[in-house]
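J.: One structure, as structure tokens, below. Some questions next.
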Amino acid sequence: MGLPAGAVHQKMLQAGVAPSVVEAVMESSAGGSSSEEDSEAIAKYKKMIQMGLPAGAVHQKMLQAGVAPSVVEAVMESSAGGSSSEEDSEAIAKYKKMIQMGLPAGA
């Protein structure tokens, strides 16, 4: 019942959303995981990096916890790029909701 994934993908590209966030949204919407879970995971692991843990240690922890590859990429890419976890979490939630709710194509 939702908006086609291709339309949401294009809308994210037009809005200038980071590629890691685009991948996280598209992959998790195909896999059926909830945006809230992904947003919480991204925030949790980004906070670990912000607290000073080495990126390699955080990456390994995510793999051990079975975090989705798209979330791992989003965390690692944004930590290197310096974008905030709050921005990414909001973007992921916004575009996943578009897919789930069936937002009109022109919106």
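J.: Among the numbered criteria (1) loosely packed, with under 11 Cβ neighbours inside 10 Å; (2) at pLDDT below 80; (3) of a type in the set (Gly, Ala, Ser); (4) in a helix (DSSP H, G or I), which one does Ala105 miss?
T.: Unmet for Ala105, out of (1) loosely packed, with under 11 Cβ neighbours inside 10 Å; (2) at pLDDT below 80; (3) of a type in the set (Gly, Ala, Ser); (4) in a helix (DSSP H, G or I): (4).
J.: Let me ask you something else. Tell me whether segment 21-39 contains one or more residues that are open to solvent by 20 Å² or more (accessible area, probe 1.4 Å), at pLDDT 80 or above and touching an Asp or Glu at 6+ places or on another chain (Cβ under 8 Å).
T.: no
J.: Could you list all residues from segment 44-68 that are crowded, with 16+ Cβ neighbours inside 10 Å and touching a residue at least 24 places away in the same chain (Cβ under 8 Å)?
T.: Answer for segment 44-68, where residues must be crowded, with 16+ Cβ neighbours inside 10 Å and touching a residue at least 24 places away in the same chain (Cβ under 8 Å): Tyr45, Lys46, Ile49, Val67, Ala68.
The values are calculated or read from the model by the stated rules, or taken from the named source; none is laboratory data. Note that the structure is a prediction, hence the values are computed from the model and not measured. FYI the Cβ positions are ideal-geometry reconstructions off the backbone, even for glycines, and counts take in every protein chain you see. What goes into the accessible areas is simple: the full protein's heavy atoms, side chains included, and nothing from ligands, DNA or RNA. Shrake-Rupley method; radii C 1.70, N 1.55, O 1.52, S 1.80 Å.
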